[in-house]
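A quick write-up on the structure given underneath.
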């Protein structure tokens with residue numbers, strides 16, 4: 001078995017996904033990667049995995065416990081351990097995401113919290129068993145968890161719950177030398193960008209308020225993710241790290 005760092009990245013979808021930015025950067029650090037994707041993103045994910053030589057790729061719908069168990073069973077069989085986990089998925093039904101919060105449905109609310117937040121907890125439960133010597137877990141949030149962001153609506157609540165989960169998991173898993181943190185990237189085009197028809201206009205407005213006067217890039221996000229799952233960040237846990245070129249400083 002290789003002594004190289006081994007990590008699971010959940011949520012690679014396409015070249016614009018945060019998970020892919022993380023995978024590229026962490027691959028450059030020399031880690032072995034196990035990647036998961038949704039079934040409808042399999043072709044794109046396979047192409048991306050091939051670019052970085054990631055030989056382990058599986059389909060994972062996080063609401064399916066059998067698929068989740070299959071992923072961790074394979075990691076146990078192939079590697080016998082896990083050094084880090086990156087959770088980079090979020091979802092809300094379009095009607096509930098784009099509509100008013102007061103109009104959100106019970107099912108839509110439950111679905112958003114389950115996929116966007118509780119899935120991280122379920123992954124952490126399984127990943128900790130493969131981290132007997134400690135490790136790192138990282139998830140992706142957004143400033144809409146802290147402050148009201150126009151059009152973010154239901155996803156803001158889901159991300160707020162996710163950030164609270166980070167703090168409680170950091171406390172619970174700290175005795176196992178497992179660190180748990182979140183990144184909060186600034187505005188960046190992704191699969192869950194709110195109101196995609198207004199995205200370019202919103203990005204232009206946001207950039208004018210950012211101290212560095214430029215939108216954050218996937219490379220920047222990936223570089224911070226690579227740091228956060230490395231031993232260099234061994235003293236950081238329970239934190240939400242803003243990677244936003246100063247966006248949150250003036251929010």
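Read the figures in this text as sums done on the coordinates, not as results from a lab. Everything numeric in this text was worked out from a predicted model, so none of it was measured. Methodologically, a virtual Cβ is constructed for each residue, glycine included, from the backbone with ideal geometry; neighbour enumeration extends over all protein chains shown.
Take the Cα of residue 39, step 7 Å toward its Cβ, do the same at residue 208, and the gap between the two points is 4.6 nm. Here the simple spin-label model places points 7 Å from the Cα toward Cβ, and for residue 59 and residue 100 these points are separated by 4.0 nm. Could you work out the percent of alpha carbon pairs in the stretch 1-79 separated by over 21 Å, rounded to a whole number? It works out to 22 percent of all Cα pairs.
The value obtained for the stretch 53-106, namely the Cα convex hull volume divided by the number of residues, is 128 Å³ per residue. Between 0 and 90 degrees, the angle of helix 218-228 with respect to the longest Cα principal axis of the chain falls at about 50 degrees. Going by alpha carbons, how many degrees (0 to 90, nearest 10) lie between the helix axis of 154-173 and the longest principal axis of the chain? Roughly 30 degrees between the two axes.
A protection proxy built from the mean count of other Cβ atoms within 10 Å ranks the segments 181-187, 129-135, 43-49, 65-71, most packed first, as 181-187, 43-49, 129-135, 65-71. Highest-first packing order for the peptide set 13-19, 229-235 is 13-19, 229-235, based on the mean count of other beta carbon atoms within 10 Å.
Of the Cα atoms belonging to the chain, the radius of gyration and Dmax stand at 17.2, 53 Å.
Overall dimensions of the stretch 67-169, expressed as equivalent-ellipsoid semi-axes from the Cα gyration tensor (√(5λ), whole Å, largest first), are 30, 15, 9. Stretched out straight at 0.36 nm per residue, the stretch from residue 4 to residue 47 would grow longer than its current Cα-Cα span by 13.2 nm. Averaging the sequence gap over all C-alpha pairs within less than 8 Å and six or more residues apart, then dividing by the number of residues, gives the chain a relative contact order of 20 percent. Residue order for 89, 52, fewest other beta carbons within 10 angstrom first, comes to 52, 89.
To the nearest 10 degrees, how steeply does helix 65-78 sit against the main Cα axis of the chain, on a 0 to 90 scale? Approximately 40 degrees, to the nearest 10. Taking label points 7 Å from Cα along the Cα-to-Cβ direction, residue 148 and residue 28 give a separation of 4.0 nm. By the helix-only formula, in which each DSSP H run with n ≥ 4 contributes -39500 (n - 2.57) and the sum is divided by residues, the chain has a 222 nm mean residue ellipticity of -11500 deg cm²/dmol.
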